[in-house]
Amino acid sequence: MSTYTKQQVKNLTEGKLDWDTTMRMLSMPKDNERFSIYLDVLQAKVPWKDKIVLPLGPHLYIAQSAKTKQWVTKCDCGHEFGDYRENWKLNAAIYVRDNPETMRDVYPTLMAPDTEWQVYREYYCPECGVMLDVEAPTPWYPVIHDFEPDIEAFYSEWVNLPVPERAG
Amino acid sequence: MKTDASTSKKTKAAEELVGGLLGNGQTLKQYRDAIQDRTKTTGFYNGLERLDLRESDPIRYEKLFSKLRGGLVHSRETAKKIAASPIVEQEGELCFTLYNAAGDCVLTSTGIIIHVGTMGAAIKYMIENDWESNPGINPGDMFTNNDCSIGNVHPCDIATIVPIFIQGKLVGWVGGVTHVIDTGSITPGSMSTGQVQRFGDGFMITCRKTGVNDKPLRDWLHESQRAVRTPKYWILDEKTRIAGCHMIRTLVEEVVAEEGLEAYEKFAFEVIEEGRRGLISRLKAMTIPGKYRKAAFVDVPYAHPDVQTPNAFAKIDTIMHQPVEIDIRKDGSWRLDFEGASRWGWHSYNAHQVAFTSGIWVMMTQTLVPTQRINDGAYYGTEFRLPKGTWMNPDDRRTGHAYAWHFLVSGWSAMWRALSHSYFSRGYLEEVNSGNANTSNWLQGGGINQDGEIHAVNSFEASSCGTGAGAIKDGLNHAAAIWNPEGDMGDIEIWEMAEPLVYLGRSAKCNSGGYGKYRGGTGFETLRMVWNAQDWTMFFMGNGYMNSDWGMMGGYPSATGYRFEAHNTGLKERITYGDTLPLGADTNPAEAGYENHINVRAKVKRDKQCMTTEDCYENYDLYLNYLRGGPGFGDPLEREPEAIARDLNNNLLLPEYARKVHGAVIEQDDKGVWSVDVKKTIANRAEHRKARLARALPTREWMKKERDRILIGRAITAVKQMYATSFALSPKFLGEFKTFWNLPEDWTLNEEDLDIPTYGSKYREDLSKLPDVHTVVLVEE
Ligand SMILES: [Zn+2]
C-alpha cells in the first residue's frame, strides 16, 4: 500500500498534485490514513477554530462548534447552516433558472434545457455567495437531502479514529 | 445387430438420464435452487464461508484466474477480427463471459461488460423453464438469445450461449454477445425509435437452440438473415460470437486437463464469493457509511410531429424519473432502492431489471471495483430494490426496449454522484467523477447505400462523449461512454466506408462541457452530407429538452442536445460553382452559421427535438451529429484564469460565457489570442457573488412560491404525468412529496385527470402470467 505526505494531500486538494502520484493514488489500494491527513490539511485552510468532522464539498463542512460542541454544517466563510442532520440547502439562498432568459445566461440558445421540463436550482451561501450546489430537477421537485452520513460508525469502525465529542 | 445397437443406445441414454446433465442425479433447477439456498442461509455465495482452494493453494488459484481471464480477453480480441461491422470491429462492442453450471458469472472479458448478468439471466431462464428436457442441452449445442423481457438490455445485443461439457457432464457455459447493426425492427439502425412496444422492436429470439454439433442450424441461418436488413454483417457477427465461444470452451477444456476438474469447479465458485467479498471491502475502503439520495431525469418528447408512432396512445410527452436511495451500512453491505421511479412507458427506452442491475457494474468497474475480477460476486454483495411496474422493472410483456440506454445512462448519473460524494468526503479526490454524459446523439437510418445494397447505419461516435469533471481536474474531452469503458470514436475513413455520409466537419463541441471549477469534458460534433445514397432515411435520438446529468458541488450540468438537419441545400450546385460550403463546427447554434453556406430556400430544422423517427433524406442533405459533453464540478467562479484562456483559444468556450459564468475579464490581442486579466477577474468575481445574493431568495421563501405553483397546478402535462406515475406506484413517494410541500391531506395528482391517453396506467399483464413461463426474479420488487 502506498502512503502519501501531508504536502501531497495538500497538493491534491488544490488540484496541483503531480500526475505520477495521482496515478499511484488511482491504481494502488487506498491509504486508510488519507482521511486524517485530509482533515489536517483542510483544518489548516479554514479561518475558524471549529473542528472539521466531515468535508461535504470544496466549501462545505460538518464541523464541531468549539464553543458548544454541537455539530453543524458550515461554510468555510464561517456561515452556519444549522444542525448537521438537517438539510443545509433549506437554510441556503436559492436562485432558480426557470425561464429562457435566465437560462441563456448559462448556456447558448438551444444548449440549455427547456425550463418547462427542467429548471436549474442554484444554492448559494447566504454570506459569501459561493455556489455550493446546482440541482437540475423538474419543476415541483422537493429539495433533495442528499447525504446523511453515519459519522460515528465511520470514525470508530472504518478509519479507527476517536469520534469527536458531540453535544445535542 | 440392429437390436443390439438400439439397446446399447437406450442403455446409454438411460444412464445419462440417471446422472443427468450434472452427473449427480440433480436437475439443473435443483442444482441452482440449492446454491441459492446455501447463499441465502449463510450469506456467503454457495455457502462458501471458507475459500478452500484459494486458502490452501493460492498460487494455483491465481494461475487458474490468469489463464481463464487472459483467455477470455484474448478470445475477444481474436474473434472481433472476424466481424465486418465497424460497431464490433472498430468500437469493440462485444464481450465474452464464462458461467458456472448454475449460470452465475465466473469471469468476463473486456468490452460491453453489462452482459455479465444478461447472458446469465438467459441461462437461468433456460434452467428455470426446463430446457434440459425440451429442447435438450447437449455437447455441441448453441443457443441464441436477445429477449429483452428475460434480461437482455436491448434487442440489438445478440448473445450466443454454448454449454461446456467435460467428461460427459455440464461444467459451465460460455456466452458471447455482439451489438449488431440492425435487428429488423420497425426502422433501420440497431436502436430504432417509433415503435412503442416489443412487437416493433425487431427480431426477438428467446434462448432458441440455433445450433447442434457446433454447427448453426440451416433453418436458423435462413430465417435470421432475412429477418434483418444487414445479413452480411449479421452472419459475420454470429461467426464472431461462435468462434469466441468455442475458443473459450477449448480453453476451459485445456485448463481442466491441466488442473483437474475438481480444482476448476472449486475455482468457478470461490471466485464468485471472492468477488462478493471484494465489493464489500472496497465499499469499506472507499466510501462512508450512511444514506445517499439522488435523482435523475430525461425527456421523451413524443408529442412532436417529427415523432411518428404506430399507436395514438403513445403520442404524448413523458419524463423518466429515477430517484435512488443508497444505504451503505457499517458492515460494508449496501442496498440500492429505487422507490418512486416512474412507470414504464410506450416508447423503446424501458429496461429489464437485469439490464439495470448488471449494467451498473460497467460503471462501478471504473471507480468502485477497478479490478479484472468482475463477476456475479458483486451482484451477490448488493441488495437491489426495483419496484415492479417501474421503467426499470416493467410489469407488462408488451414493453419496448430498443434503446434502454436512454434511461439507463441517465439514471446511473445519480449513482456516480452519490459515490463521488463519499469519495470526496473521505479525501479520495482522485476518484471523484461528477457523472457521465448522456451518450447521444445516435445517428441512425438506412436505405440503399453507396454500393447499391439495402443497408442500415448506426454511428457509434457516441462512444466518445465528454466525461464528468473530477474534483482535481477537468473531464476528458470526447473520450468515452459509460457503457463501454474502452469505446473509440472510430476513424472517419471507416465510417465513410460504412455509411453513405461524407464528413464536412468533425470538431470538439464548444460550450458542451458542464461549467465548474473543473469543467466536464466537451463532446464533439460531426457534420455529415448524404452522398451516393438512394431512398435514404435518418433519425435523431438523444436528450434535448432536458439534461440527464447534473453537476456536482456547485458545477453545472453539461449542455443539452439540439438538432440540426437541412434539406434542399443546393450544395450540389455550390460545389459545382466553387461557392462556400458549410464546413467544421456549429460553434454557436444561436448564430446559425451553417445557414450562410447553403441555399436560402433550404428547409432547415434547428431545434430541441432530439428524438425523431425516420425522415427522408436526399443526397446533399445535411445532418449534424452532436455528441454530448460531461457535467462540471465546483463553483465556476473559481476556475483558474489560465484554464479559461485555454478553453477560449481552443474554441471550447464562447467569450460571452467566460464573462457570464466564470466572471472572467478577458481580452483578445491583434492575433486573436485570448487572455484573462487576473486582477480584474478577482474583483469582478466578488461582484458576481454579490449579484448572486441580490437575486437569490432564502430557500424556505422560494418554497412557499413553489408550493403555490403546485396548488394551482402550474406545470406542463409531461411533468404532471411523471409525478402521477411515480405516485401511483409509490404511496411512499407521494407521502414524502406531500409532507415536503406541506400539501393538504386530500391533495393528489392522478393520470386520468390529465387529459392525455393513459393506456397502461390500470391494465397490465406481466410475462409471468403466460402459461408455462417461469420468470427469473433477481431483485426485490
Ligand atoms: Zn460562505
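At a glance:
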| quantity | calculated |
| --- | --- |
| Selection within region B:19-73 - over 30 Å from B:GLU780 (Cβ atoms) and part of a loop (DSSP other than H, G, I, E, B) | B:GLY20, B:LEU21, B:GLY23, B:ASN24, B:GLY25, B:ASP57 |
| Boolean, B:TRP344 is within 14 Å of chain A (Cβ to nearest Cβ) and aromatic (Phe, Trp, Tyr) | no |
| Some residue of region A:55-64 being more than 14 Å from the ligand (Cβ to nearest atom) and within 22 Å of B:ASP635 (Cβ to Cβ) | yes |
| Residues being more than 7 Å from every other protein chain (Cβ to nearest Cβ) and near the ligand (Cβ under 10 Å from one of its atoms) - total across region A:113-125 | 1 |
| Test: residue in region A:136-146 that is facing chain B (nearest Cβ under 9 Å) and either within 16 Å of the ligand (Cβ to nearest atom) or in a strand (DSSP E or B) (or both) | no |
| Selection from region B:699-722 of residues that are facing chain A (nearest Cβ under 7 Å) and closer than 30 Å to B:PRO394 by Cα | B:ILE710, B:ALA715, B:ILE716, B:ALA718, B:VAL719, B:MET722 |
| Residue in region B:209-231 that is charged (D, E, K, R), crowded, with 23+ Cβ neighbours inside 10 Å and more than 29 Å from B:GLY70 (Cβ to Cβ) present | no |
| Pairs with Cβ under 6 Å, 6+ apart, first in region A:46-66 and facing chain B (nearest Cβ under 10 Å), second of a type in the set (D, E, K, R) | A:HIS59/A:ASP76; A:TYR61/A:LYS74 |
| Filter pass, A:PHE81 being at the interface with another protein chain (Cβ under 9 Å from one of its Cβ atoms), farther than 20 Å from B:PRO301 by Cβ and either away from the ligand (no atom under 16 Å from the Cβ) or touching a Cys at 6+ places or on another chain (Cβ under 8 Å) (or both) | no |
| Residue that is over 15 Å from the mean Cα position of the chain (by Cα), within 29 Å of B:GLY630 (Cβ to Cβ) and surrounded by fewer than 20 Cβ atoms within 10 Å (Cβ to Cβ), where the choices are A:ASP114, A:ASP40 | A:ASP114 |
| Test: residue in region B:627-640 that is touching a residue at least 40 places away in the same chain (Cβ under 8 Å), aliphatic (A, V, I, L, M) and buried (at least 20 other Cβ atoms within 10 Å of the Cβ) | yes |
| Residue check for A:ILE52: within 16 Å of the ligand (Cβ to nearest atom), of a type in the set (Val, Ile, Thr), farther than 18 Å from B:PRO698 by Cβ and in a strand (DSSP E or B) | yes |
| Answer from B:ALA686, B:ALA664 - the residue that is among the hydrophobic types (A, V, I, L, M, F, W, C), farther than 22 Å from A:GLU101 by Cα and either within 14 Å of chain A (Cβ to nearest Cβ) or under 39 Å from the mean Cα position of the chain (by Cα) (or both) | B:ALA686 |
| Residue match in region B:733-755 (condition: more than 18 Å from A:THR138 (Cβ to Cβ), more than 10 Å from chain A (Cβ to nearest Cβ) and of a type in the set (Phe, Trp, Tyr)) | no |
| Check on B:LYS679, more than 42 Å from the chain's Cα centre (by Cα) and either among the hydroxyl-bearing types (Ser, Thr, Tyr) or surrounded by fewer than 12 Cβ atoms within 10 Å (Cβ to Cβ) (or both) | yes |
| Matching entry among A:VAL130, A:VAL106 (being within 16 Å of the ligand (Cβ to nearest atom), buried (at least 22 other Cβ atoms within 10 Å of the Cβ) and either more than 22 Å from B:MET415 (Cα to Cα) or within 10 Å of chain B (Cβ to nearest Cβ) (or both)) | A:VAL130 |
| B:ARG528 being charged (D, E, K, R), assigned to a strand (DSSP E or B) and either closer than 30 Å to B:ALA664 by Cα or within 14 Å of chain A (Cβ to nearest Cβ) (or both) | no |
| Yes/no for B:ALA414 being surrounded by 24 or more Cβ atoms within 10 Å (Cβ to Cβ), in contact (Cβ under 8 Å) with a residue 40 or more places away in the chain and of a type in the set (A, V, I, L, M) | yes |
| Qualifying residue in region A:104-115 (condition: part of a strand (DSSP E or B) and small (Gly, Ala, Ser)) | no |
| Answer residue from region B:281-301, given it is of a type outside the set (A, V, I, L, M), more than 7 Å from every other protein chain (Cβ to nearest Cβ) and out of contact with any helix residue (DSSP H, G or I) (no Cβ under 6 Å at 6 or more places or on another chain) and is surrounded by the most Cβ atoms within 10 Å (Cβ to Cβ) among those | B:PRO301 |
| Pairs where the first residue, in region A:116-144, is within 19 Å of A:PRO58 (Cβ to Cβ) and the second is within 16 Å of the ligand (Cβ to nearest atom) and of a type in the set (Lys, Arg), C-beta under 7 Å, 6+ apart | A:TYR123/A:LYS89; A:TYR124/B:ARG692; A:CYS128/B:ARG689; A:GLY129/B:ARG689; A:GLY129/B:LYS690; A:GLY129/B:ARG692; A:VAL130/B:ARG689; A:ASP133/A:LYS89 |
| Residue within region A:8-29 that is at the interface with another protein chain (Cβ under 10 Å from one of its Cβ atoms) and within 15 Å of the chain's Cα centre (by Cα) present | yes |
| Failed condition for A:ASN99, given (1) within 29 Å of A:PRO139 (Cβ to Cβ); (2) away from the ligand (no atom under 16 Å from the Cβ); (3) in contact with an Asp or Glu (Cβ under 9 Å, 6 or more places away or on another chain) | (3) |
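A quick yes/no check of all residues on (1) touching a residue at least 24 places away in the same chain (Cβ under 8 Å); (2) touching a helix residue (DSSP H, G or I) at 6+ places or on another chain (Cβ under 6 Å); (3) in a loop (DSSP other than H, G, I, E, B):
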residue	(1), (2), (3)
B:PRO135	yes, no, no
B:SER149	yes, yes, no
B:ALA159	yes, yes, no
B:PRO163	yes, no, no
B:GLY176	yes, yes, no
B:MET204	yes, no, yes
B:THR210	yes, yes, no
B:ILE242	yes, no, no
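Listed here are the residues, each with its yes/no results for (1) under 30 Å from B:GLU656 (Cα atoms); (2) among the aromatic types (Phe, Trp, Tyr); (3) surrounded by fewer than 12 Cβ atoms within 10 Å (Cβ to Cβ); (4) modelled with pLDDT of 95 or more.
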residue	(1), (2), (3), (4)
B:LEU693	yes, no, no, yes
B:ALA696	yes, no, no, yes
B:ARG709	no, no, no, yes
B:GLY713	no, no, yes, yes
B:PRO731	no, no, yes, yes
B:GLY735	no, no, yes, yes
B:THR739	no, no, yes, yes
B:THR758	no, no, no, yes
B:LEU767	no, no, no, yes
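The values are calculated or read from the model by the stated rules, or taken from the named source; none is laboratory data. What you are looking at is a predicted structure, and each value in this text was computed from that prediction instead of being measured. Every residue, glycine as well, gets a Cβ built from its backbone with ideal geometry; the counts of neighbours run over all protein chains shown.
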